[in-house]
Structure formats: structure tokens, C-alpha cells
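One structure is given below, represented as C-alpha cells, and several questions about it will come after.
The values are calculated or read from the model by the stated rules, or taken from the named source; none is laboratory data. Worth saying up front: this structure is predicted, and the values here are computed from it rather than measured. Don't worry about glycine lacking a Cβ; one is built from the backbone with ideal geometry, like all the others, and counts go over all protein chains shown.
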Amino acid sequence: MEKSFKLIPQIKKFLRILIGREPSYQVTRSFAIMMLPLTFIAGLFICFSLPISYYYFSKQEKSSQAELHAKYLSSIFRDTIERYPLTWEERIKEKLKIINAKCVTFYDPKERIIAIIGQKPTSFWERKSATQVKYPIYFNGNLYGSIEIILLTENLWSNLFKILAISLVLGTAEGLALWLIPAFYILRDEEKINKSREELFKERERLRLSETKYRTLFEFSPDAFTVSTLEGNIIHFNNRFVKMFKLEDNNIPQKLNDKFFFTNPSDREKIIDELLKEGEIRNKEVLLRRVNGEEFYALISMRLIGASIFKDKVPVELENSYVFIFTAIRDISKLKEMERQLLQAQKLESIGLLAGGIAHDFNNILAIISGHNELLKRSLKDEKAMNYLEVIDKSVKRASELVNNLLAFARAGKYKIEPIDLNILIKDFQSLLRHSLDKRIIVKFDLFPNLPSILADPSQITQVVMNLCINARDALLQKGGGRLIIKTYSQKVKKEILTITGDRIPPGSYVVLEVKDNGPGIPPEFINKIFEPFFTTKPIGEGTGLGLSVVYGIIRNHDGYIDVKSRPGDTRFLIYLPEAKETKLSPKVVTKPQAAPKINGTATVLVVDDEEEIRRFIRSTLEEHGYRVIEASNGYEALEIFQNKKDEINLVLLDLIMPEMEGKDTFEALKKLSPNLKVIILTGYVADRVVRSMLKNGAKAFLTKPFRLQDLLIVVHQVLSTSK
């Protein structure tokens, strides 16, 4: 029963298929339509074969019965007539009732009717259902006559119609079965086929989407992709390959070979050898060449396509025509350039630290020489000896200037920061600049109106402009003259800029100073070295090599940046200085005053310096003028002395750079012990931000080494004389 109910949806679906509402089942529908007349004929055959068979076999059976009855009646006919001459008909009728015969007809030998017992069939249905048999009657071997018997098949037509009805049902069922069962099997198989077709369609669609995705990745990847043979013949490549190797500007040849793109052919041979051994290689750095001859560094990854087919069967080398190489090429020229610039920035930073350290040591040495030289001047009266001491003093000053240039590169110069208008500063020395340059050089100024202010030291920025102009002058004179343009403008940097020095200019608002010349340009092999101290292409004796390094140090110490763009006929130095957001005046610092009054004092001064010779000449100078001096060689010793003699000490002379404990840390510790303590900073290495921070936090003044003893006395006197 359950199966019957399960067939109903199938039959409904089958009928929907027949009327075309399930278009995907074409095989089932065509088979059903083709089988429909055949199953109809088969149903008709079954419908009529049963009634016809019943009718035929019923007639055959009645014919046999009639023949038997005829034999029986023929055998008793003579005897019955002889024994019952008057009543033989009644006797025969009784026999007819027994055998259920409709009619019996007796004939003489001449076929004349002797007697008819019963009634012959009259209606159509009786005639069709009657069975008639005629049998001869013999007596003593002679033909006596014949007997004809008619039998009726009982309920023939009712049974026949019943059988016909049943056969119609059976025929219809059998026809439907012959029609539906194969169709259902086909339907089931076609459902599987359709399901497989749907899955195949989905898989095909998935593969199409996958192909689209990977083709998109292939075509729009930032890396170049190629498929090539082991011999190097490129059979497929993407758009990035065309652009990377500059093929779009040329007619792409029909045959491309990757050997052409390797700067060193041996590199490709080594890579292929490794590829055949390993099956793939990843991120191999090589030097490649574009079609225009430009060389660039790239990372190459390769993989053999189909290599697994020949594993343990045929050596790959012998089946080259069946093996392809998939290659991915990544252009790292920009990365290499950034790496180079980063190394350059680190190099400049290292050189700056080295220069600062050297300058610090030199300033200490010069301070010792200068101090003791002044002590000698005071003690000697010999005029000739005094001349020698003056030579020493001048040499110290020259050396000090050289050291100051190193300090400028090391971004440790001494600055007086104030808001300035760069245009006004440039206008102030226009005439001086024109007179300083050769007449063969044409100077033009292109100054942007309403230029924002910057926070800078005017003298240092002036030095920057002069150094750049002198550098341009020397380049222009190599070609007999030219044009020099000094330009200013305001620029908003929206995206970080990487400079030639490796510094990164962050987004913001900048005032830009551009110094441009049309000289021969800077050779590519030198452009990364121009900011290094003592680097110069000039003959010996014509330059120190500190001009551009000083510019770099000054600009970086002003939180600015410098970049260079150079080619033959166009060299530009670009200086980026942050726009002033607010007015900041530098602290008032007493440094190297020129007045020389006679000074004496009675205060107690703590001198903290790691150089014994410096402490010695400071002590001699101060004690000579009435001061009491206590010495400390480092910060820890100074703190210990100050804790024990805090009430006696009126002033501290503190070196900024010392081992064990730096001057800044010592200063902070002293201020905690005595917030109102007066401190003068002494240093041969002025880190501008550190000095300004200490001045802001309570230091009264600073002196840079080497300094004159008279300057020391004046600063000490002024600081001790002030209440604040």
C-alpha cells in the first residue's frame, strides 16, 4: 500500500513530463510517446484475446459434448423406436433433458427430416451460442439415417461480457504497466542523468568562476607570470609581464625566449639546474633586463608543470617537450631602492653619531689647549712668546670652526630658534649673493608671495642657502656658466615622500626652498655620497667636503628634510621646513659675551667634568679671581659632594657628556635636591633639544667648548648676580 502511495507522485511527475511541464526529461517523454501505440496495441490484444479464447474453447467443448450425445442417441434410437413405437418421442425428449440439448433432428438415409424434437435456435445470440453436430446412424452395417443435435452454451454471453470487462481492465493495466514501468526506470535513470547534468553544470560553472578568478589574478597580478618550455620559449604570459619588460612600447614578437631577459645567461642555467633537481624554486633574486636595456632586480619563483607524470619513469631532462615551467616574477627594484635609501639614512645617522663624538672629543681637546694657552698668556711677558701663543689661539679657532661644521652635520649645532620669513631672509642677502658669484652665472629669484613663517635660526638657514648656492656655482663653472634659480613655495604633503637620503617626509604643511641649476648634474655613482662628511669631487685643497653635510645636519636639526633630483642640465636641491604653527622664542642664553670687566668673586663653585685638564684650568681661573672651587669627575661624585655641602655650593658648572652618568641626568638629580640651584652647562657637543630642555627646566646658561676664560668669568659672574 505504501508503495502504491509512493507511485502517485511519480505518476503525477510522469504526466507533467508528458504534457511538457518538465522540459529536462526529454528522453522519458520521447520514449513514452513512442511506446504509447505499442502499449495500446498490447492492451487491445489482451482485452480481446481472453474473450475470443473463452468463446473458442467453449464452442470446442460443446462440440465434443454434442458429438458424444449424438453417438449415444444414435445408439439408442432404433431400440427406443422398436420398444416404444408409440412413445419414443417422449423417451427421446427425456434423454434430451438429461443431456441439456436444445434440439434433435432425425434424418432418413436420403437426408429427409423424419422428426424434430425440441426447438431450433431462433435469436441471433442463441444461434451464435449454439453448437450443432450431425452424426450417422448405422444398423447391421447399413446407413439407417442420421441425427443432428444442437447444444446451447449456458451463460455464454454473460460470461463472455464479464471476461471482456475483466480483460479490458487487465489489458489496460497491462498496457499501462508496459508503458509506465520502463518509463519509470527511464525516468529514474534520467533523473540521475539530470542530477548528474546539474552537478556537471554546477561543477562547470564553479570551474568557470574559478577560471575567471584565477585568470583575473593571472592577468591583473602585480607580478609577471609566464609559461615556458625548458628551452625558454614563452608560450603564455600576462599583462604585467608586458608592462614589466616594456614590451607595450614595441611590437611583441611571435616567439619570445626568457633567455633574452636575463642579464647574466649563467643565472638562468643555474636556476634551471636547481629547478630540475628540486621541482620548484622560490624567491630567487636575479638581475633582469627590459627590452630597452634597463636592468632591474627581481624575485623569481618557478615550478615544473607536469613533472609528477614522469616521476620514477622517465628522466625529466629527456622529456622536455612535455614539461613546462610556470614562472612568477616580482619587480623589487623599488624595494631595493628603498633598502638602499634606508641603508643610506642609517649610514648618515652612523656617520653623524661618529662626527658628533669626534667633535665632542676635539672640542674638549681644543678647550684644554685654549684654556692653558690663555693661562700662559697671563703668566708670560715675553712678546715673542706671546706671538707664538697668538698663533696657537688662531689655530684653535680654525679647528673650532671645522668642528662646528661637523657638529652641524651631526645635528648638534647651537641654534637660536625664532619665527622667520624665508623670503625676507633671502632678500636680505640677494645683493651679497650676486656679488659672490661669477658674472657668467645668472641668478634668478622666484619667491612665493605670502609665504608662511618657519621656526629656524636665521644665521643657520642663511648658511644653508649660501652652501647650496656655492655648490651650484662650482657645478656651473665646470661648463663655463649657466643659470641658478632660488625658489620658495608652500606645499602640503599628502602622502609620505621618500628622499634620496632615506628619510621619509611625513604628511603636513611645509615651506619649500628649491635651489636649481642647469649644470652637468650629479653622477649617479656619487649622488648617494654627497651628504657624507669630507666627501668631495674637487681637487685636494679646493674644498673640505663638509658643505652639503653641514646643510643636511642643519636642516634635520630644524625638523626639516632635504631631497635631491639630478640629471644632466637639471639639478634641484629641495629643502622642506615645517610651517610655524605657533610663535616659539628660544630661551635667552648668555653665550660668549664680548664685554671684559674686571671680575672677582667669593662664591663656591662645583665643577663637574670628566676631563681633568679642563677642571684644572677652570679651577685655576676661578680661584685666581677669588672663587672657591670643588671638583667632581662624574655625576655620582657630584651628587655625593652636593649632598654633603649643599649649603656651601652656590653654582654648578656641569659638563653635558660624561661617562657613567650623563649631565642631563645629573642636572635632574641636583634639581631634586635643590630646586633653586644655579647651573651652567658646559659641553663640546651641543644637542640642541637637550640644552633647550635643560634651560627650560632651570639651567641658567650654557657655554660651548672651547671657550675663552674671560667668557667663563663673565657668565659665572652674571649668573651669580641674577636673582632668577
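Could you tell me how many of the residues in the range 214-248 are within 22 Å of Gly293 (Cβ to Cβ) and of a type in the set (Phe, Trp, Tyr)?
3
Another question, if that's okay. Given the range 434-526, what strands (runs of 3 or more DSSP E) lie entirely inside it while holding 3 or more residues that are within 16 Å of Thr571 (Cα to Cα)?
Because the criterion is at least 3 residues that are within 16 Å of Thr571 (Cα to Cα), the strands (runs of 3 or more DSSP E) in the range 434-526 that meet it are 441-447, 482-493, 508-517.
Might you check whether a residue that is surrounded by 20 or more Cβ atoms within 10 Å (Cβ to Cβ) and at pLDDT 85 or above occurs anywhere in the range 406-415?
So far as the range 406-415 goes, no, none of its residues is surrounded by 20 or more Cβ atoms within 10 Å (Cβ to Cβ) and at pLDDT 85 or above.
Would you check which residues across the range 439-489 are farther than 11 Å from Leu513 by Cβ and of a type in the set (Ser, Thr, Tyr) and list them?
Ser453, Ser459, Thr462, listed by residue number.
Going through the range 484-499 one residue at a time, which ones are surrounded by 15 or more Cβ atoms within 10 Å (Cβ to Cβ) and either modelled with pLDDT of 85 or more or among the aromatic types (Phe, Trp, Tyr) (or both)?
Within the range 484-499, Leu484, Ile485, Ile486, Lys487, Thr488, Gln491, Val493 meet the criteria.
Has the range 208-217 got at least one residue that is over 21 Å from Ser333 (Cβ atoms), at pLDDT 85 or above, of a type in the set (D, E, K, R) and surrounded by fewer than 11 Cβ atoms within 10 Å (Cβ to Cβ)?
There is no residue in the range 208-217 that is over 21 Å from Ser333 (Cβ atoms), at pLDDT 85 or above, of a type in the set (D, E, K, R) and surrounded by fewer than 11 Cβ atoms within 10 Å (Cβ to Cβ).
From the list Glu154, Glu148, which one is modelled with pLDDT under 70 and either touching a Ser or Thr at 6+ places or on another chain (Cβ under 7 Å) or part of a loop (DSSP other than H, G, I, E, B) (or both)?
After ruling out the rest, the residue left standing is Glu154.
For (1) touching a Ser or Thr at 6+ places or on another chain (Cβ under 7 Å); (2) closer than 18 Å to Arg268 by Cβ; (3) modelled with pLDDT under 65, each residue gets a yes or a no:
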| position | (1), (2), (3) |
| --- | --- |
| Tyr297 | yes, yes, no |
| Ser308 | no, no, yes |
| Lys313 | no, no, yes |
| Ser321 | no, no, yes |
| Ser333 | no, no, no |
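Then there's this: Which pairs do you get when a residue that is not assigned by TED's automatic domain parsing to the domain that holds Pro265, found in the range 286-303, comes within reach of a residue that is crowded, with 18+ Cβ neighbours inside 10 Å, reach meaning Cβ atoms under 9 angstrom, with the pair 6+ apart or on two chains?
none
Please verify whether Phe241 is of a type in the set (Phe, Trp, Tyr) and in contact (Cβ under 8 Å) with a residue 60 or more places away in the chain, treating the condition exactly as stated.
yes
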